[in-house]
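> Have a look at this one.
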Amino acid sequence: MAPSGDQPQRRQRTSAHSRQYAQHARQDARRVQAAPQQQQQHQSQQRVAAAPAIATVPSNVSSSAATAVPASSAAAAAALHQPPQHAISVESPLPPAVQRCLGDRAYDKRKNAALEIEALVKSLQETNNTAMIHSVLAVLSKDFCTSMNANYRKGGLIGIAATAIGLMGGTRMYLDAMLPPVLHCFDDPEARVRYYACESLYNIAKVARTSILRFFNQIFDGLTKLFADVDVDVKNGANLLDRLIKDIVTESDRFDVEQFLPLLQNYIRRTNPYIRQLLVGWITVLDSVPDISMIDYLPDFLDGLFNMLSDSNREIRQAADSALSDFLTEVRQSTVVEFGPMVSVLVSQCHSKERLNRLTALTWLAELIHHPHSGGDALLPYHAEVLGAIMRCISDGEAEIRRVSEQTDADLLVMVRDTASGFELSPLLDTLTTELVEKDDVQTKMAALRWINMLLEKRKGDMAEFIPNLLPVLLRQLSDDSDAVVILTCQVLSRKALSDKRRGYEGGRGWIEKRTLPRRGRGAMTADDDEGGEQFQMVLNAILGLFASDRRLLEARGSLIVRKLCVLLNARSVYIRMAETLSPLKGMAGTSLDGSQERDRGGERQYSLEFVSAMVQTLNLILLTAPELHGLRSTLAEGFVRSDGGGDNVNDGGESKRADSEGARVFSSLFRCWCHDPVATFSLCLLARAYDVAFALVKRFSSLEVTVGFLMRMDKLVQLLESPIFVHLRLQLLDVESPDHAHLLKSCYGILMLLPQSDAFRILNDRLAAVCNLRDNLGISPKIVDDEPRPGSDTVKLLIRFDEVTEMHRRAGRERRLGSGITGSMSDVADTKIVVSGGGSDNKGYDTYQRGGMQQSVPQKANAPGQPSPSVTFGMSAGGANLGDMTQNPPAMSEVCSRTGIARGAAIGVVDGKGVRDSRS
C-alpha cells in the first residue's frame, strides 16, 4: 500500500535535493517548449554540468563500479540497458540519496525514498514529462527489481507502487512498464519480496482500476501462484489483491471472458485446494455479473466444478456445490441450452467413485430430462449415453443414489415413449444388451427389460431387425435367480410374440387381451393358426430350445415360465403351439438321451423323445394344478359333454358333437403330444371327461414297461384326484346311472390295480369302495357298454396315435440298450432293470416296469405263510445275465439302489408289498 507516517525532520533532510532537482526539471520543460532544438541541448548540458560528477558509492559496492559517466540523454538511455548494478547510477533520474535509501535494508528508509519518488513523479506528471517518467520506471525495473540484492528488489517494488500513486489517473499510460517487473517478482525466492510484489500490484490496481484488465490473464496467473504460496503473509496479501481485482471486474463492462477461458480451463484441472478456492470464487463472481453469461461457457469448466465436489476441504466442496446449484437453476430457466457437451460431463461423473459426484450428476440429468423449453427432444441424440449412466447408478451401493437413479430412469423412459420425434434404436439396444449381459443386479436387469418392452410397444416394426441378436440375451434372463426378472422377461417375450394389433399395454397392470379367439372349423389347431403368427412361434421355439439345452432350467423355472406365458399370451394358444412343436404328426427325429435338439431334412427343429416326455410331464402338471389355466381346463371339460339325445352307448349321437366342439379340438391337439407320457395322457382324459378313452388307455398299460417313474407319476395323479381340480370326477362317481359311469369306474379301478400297496392305493381304494356301496344300496346294476370305440371315430385315431408313440419309445429304448453294449455289468444306470418276483408258481402280479434297462415286477400280494419269501433278482434284459438274489446280498442291493436312484427302503418296500415311494419328483 502507499507509504505513509514518515518523521518530519528526516523527510526535511532527505527531500531537499529532490526539490531542487524537481525545480530544475520544471525549468527545463519550459525551455524545451520555448527554444529550438539546439538551445534545448545546450541548456541540458549546463544543467547536467551543475550536478555532482561522482555519486557516493555504498560501502557494499566496489569502487570500480563508481566511475563518472557523461550525463547525456544518449548515455542515460544506454545505461538503462546495462546489467543491474548495486552502484548508484549518475545518469539516473533519481537522486543518489533516494537510490541509496531505496535499496537500504531498513524499511523506513525505503518507505521515505518511495515518498520522494512519489513527489518526483507527481511533478513530472504535472509537466507532462513522459520521457523522464519512463526513465524512472526503467531504473526501478532494471536496477532494482532485477537486482541480486533482495532489499533492492523490495525497494524497486515500493518505488513502482509510489510511481503509480504519483501518476494517479495517468497510470494507464505506463502499465506496460509497471506490471512486468511486479509480476516477475511473484516468482521470487524470497517470501518478503513476493509479499511486496503483491502489495505493489494492489496499489497499481487501485489507481489504474479497469485499465489493468488488458493484463488480466497475467494478473490471474500471478494470483494462482500467490494463492498456492507457502507463506501465510503472501496468501493474505493475495486474498486482498483478489478481492480488489474482483471488484474491478464486476464494475467493468469490458471484461473479455473468452480470453480468460483458456486460462480457466488450464487451472480448473489443478488439485491444489487454494487454487480451487480461487477458481470457484472467480466462477461465481463472473456468473453474478449481468453482462457476462457464464452459462454459455459452462461445458468448459463444468467437469472441474464436479471434481471439486470430491475435494478433502469442506469449504471447497460447499462452494463448488453452491456454484453447481446456481448453474443448474440457470440451466432450468434458460431457453437455449447446448446439451451435448454437458451430457458428456454428466455421464462421466455418474461413473465417479465419489458419492456426491454421482448424486449431483444424476440430479442434473433429471433436470435436463424435465427441461421446460426442450421437451426432452434436445436429449434424443444422447439417450444411449444418458441411459447407460443411469443404469450404472441403479446398482449403486448408496440407497439415495439408487432411488434417484430409478426415478430418473422412469422419467427418461416416459419421455422417450411419449416423444413424437425419431431416434436411433441401435445405440439404445446396445446399451440395454450390455446391461443385461454384464450386470447381475436385479434392479438393473428389470430396468433394462422395461426399456426393451417399451421399445417393442412403441416401434415394433423397427425392432424386428434387432430381434435375432436380442432374443438370445432375453432367453438368458429366464435362468436368473430372481423370479421378478424371469416374469418380466416373459412379458417382453410375450410382447414380441404378438403384434400391436392384438395386444395392448396398460401401465403396470400387464397385458390386456383385446379380443376373443375365433371358432375354427373341424380339426385341431395347427402352426398356421393366427394366434400370433410367425413371431409367436419363434418365441415358443426359442423357449423350448432353451429347455431342451438346459434341463435344470426346465426343472427349476419351467413351471413359472409356462404359467406366465399362459397369462400374458393365451393358455390355449401356448399349449396347442407347444404340443404341435414338440410332437408333430410326422413323428420325432431323435432319440438321444441328452435331450439335444436335432433337425430333419427340411430344417424344422425337432427334439429327442426323452426331452419331449419330460416337457409333457411338466406341461401336464401345470395344466392340472395352475390357477392360471382354469379357462383351459374348463374348455377341455366342456368338450365331452353328451348331448341330451345321446344314448347309453359311448358312440351314440353325442360323438358328432364331441368332434365339433372347441374343447374336443383342443383335447385332440394336446392328446397327440401327451402320448409321450402315458400317465399324462390318462390324466388329460380324466380332465376332459373322456372316460371311454381313459379306460382304453388303462387296458393298454398292461403292455407297457411299468417303470418306477411311471408308478410315481401315477401316485401323484391319485393325490391330485383328491384336489379341487377333480371335484367333478369325484361327484360323477356318484352318478351311477350315467352312461359314462362304467368307463370312469373301470378307469379308476385300473389305476388301483396298477398301484402297489401304498398310501395312494389305500386312498383310492377307500373312495371306490364307497361308490360300490352306494350302487349296492341303490340296487342299481352296472350297465354294459362297449369297451372299444367304434372304428372311424376320433377316439380310434387318438388311440392309434398313442400306440404309435408308445412303440416309438419302445424301439428307442431297445436301441439305447443295444447301443450301450451291456453284457451283464452294472455300468449304466439308465440301462438297468430290476426284476422282483414272488415265490408263487404262476409268478403273477403287476406288469413289468423298468428303470432304464433293468426290469422289475412286483407281486400283487404277500405270500401265504410257509411260502418262500419274495426275492429281488436283477438281470440285464439285453444280455440276460442274472446277478443273483439281492435280498441276501446287502452290498449289491445298495449298489443297485444308488445306480437306479431308488431309495433302499423303497426297494425293500416293493419286495414286502408296500409299494414304491420316491420323493425325487
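A short reminder: the numbers here are calculations on the coordinates, not readings from a lab. Because the structure is predicted, anything quoted here is derived from the model rather than measured. Using ideal geometry, Cβ is built from the backbone for each residue, glycine included, and neighbour counts are taken over all protein chains shown.
> Neighbouring Cβ atoms within 10 Å as the yardstick, rank C350, C772 fewest first.
Neighbour counts put them in this order, fewest first: C772, C350.
> What's the magnitude of the charge dipole for segment 272-396 around its Cα centre, counting Lys and Arg as +1 and Asp and Glu as -1 at the beta-carbon? Answer in Debye, nearest 20.
On the way: 8 positive and 16 negative charges, 106 e Å.
With Lys and Arg at +1 and Asp and Glu at -1, about 500 debye.
> Using +1 at the C-beta of Lys and Arg and -1 at the C-beta of Asp and Glu, which of L362, V331, A320 has the Cα lying farthest in the positive direction of the dipole of segment 296-362?
Looking along the dipole axis, the top candidate is L362.
> Taking the Cα centre of segment 111-186 as origin and charging only Cβ (+1 Lys, Arg; -1 Asp, Glu), how large is the dipole, in debye to the nearest 20? Please list the in-between numbers first.
Working: 6 positive and 5 negative charges, 38 e Å.
For this selection, approximately 180 debye.
> Neighbouring Cβ atoms within 10 Å as the yardstick, rank Y274, Y382 fewest first.
Working: Y274 18, Y382 21.
In order of increasing Cβ crowding within 10 Å: Y274, Y382.
> Which order, highest average first, do 485-495, 154-164, 195-205 follow once you tally other Cβ atoms within 10 Å for each residue and take the mean per peptide?
Per-residue mean Cβ counts within 10 Å order the peptides as 154-164, 195-205, 485-495.
> Report Rg(Cα)/(2.2 N^0.38 Å) for segment 93-254, keeping two decimals.
Cα-based Rg divided by the globular estimate yields 0.97.
> Within the set of other residues whose C-beta is less than 11 Å from the C-beta of C185, count the net charge using Lys and Arg as +1 and Asp and Glu as -1.
Computed value for this residue: +1.
> If the only charges are +1 at each Lys and Arg Cβ and -1 at each Asp and Glu Cβ, what is the size of the charge dipole of segment 93-254 around the Cα centre, to the nearest 20 debye? Display every interim value, and only then the final one.
Numbers: 20 positive and 19 negative charges, 28 e Å.
Using Cβ point charges on Lys, Arg, Asp and Glu, segment 93-254 gives about 140 debye.
> Only sites in a loop by DSSP and with at most 16 other Cβ atoms within 10 Å count here; which trypsin sites (Lys or Arg not before Pro) in segment 257-300 make the cut?
Of the trypsin sites (Lys or Arg not before Pro), the ones in loops of segment 257-300 whose Cβ has at most 16 other Cβ atoms within 10 Å are R269, R270.
> Give, as a single signed number, the net charge of other residues whose beta carbon lies under 15 Å from the beta carbon of H351, with Lys and Arg counted +1 and Asp and Glu -1. Please report the intermediate quantities before stating the final value.
Values: positive: K353, R355, R358, R392, K439; negative: D303, E354, E385, D396, E398, E435, E438.
Combined, the nearby Lys, Arg, Asp and Glu give -2.
> Pairs K154/K246; K109/K235; K235/K353; K122/K206; K458/K496; K111/K142: which are spaced more than 22 Å apart, C-alpha to C-alpha?
Beyond 22 Å: K154/K246; K109/K235; K235/K353.
> F144: net charge of surrounding residues, Cβ under 13 Å, Lys/Arg +1, Asp/Glu -1, itself excluded?
Taking every Cβ under 13 Å from that of F144, the sum is +2.
> Run the numbers on segment 93-254 and let me know its relative contact order in percent, using alpha-carbon pairs under 8 Å that are six or more apart.
About 19 percent, as a whole number.
> At a Förster distance of 41 Å, what's the computed FRET efficiency of A464 paired with E400, Cβ-Cβ distance as r, to 0.05?
After rounding, the FRET efficiency stands at 0.55.
> How do M178, M294 rank when sorted from fewest to most other Cβ atoms within 10 Å of their own Cβ?
With the sparsest Cβ surroundings first, the list reads M294, M178.
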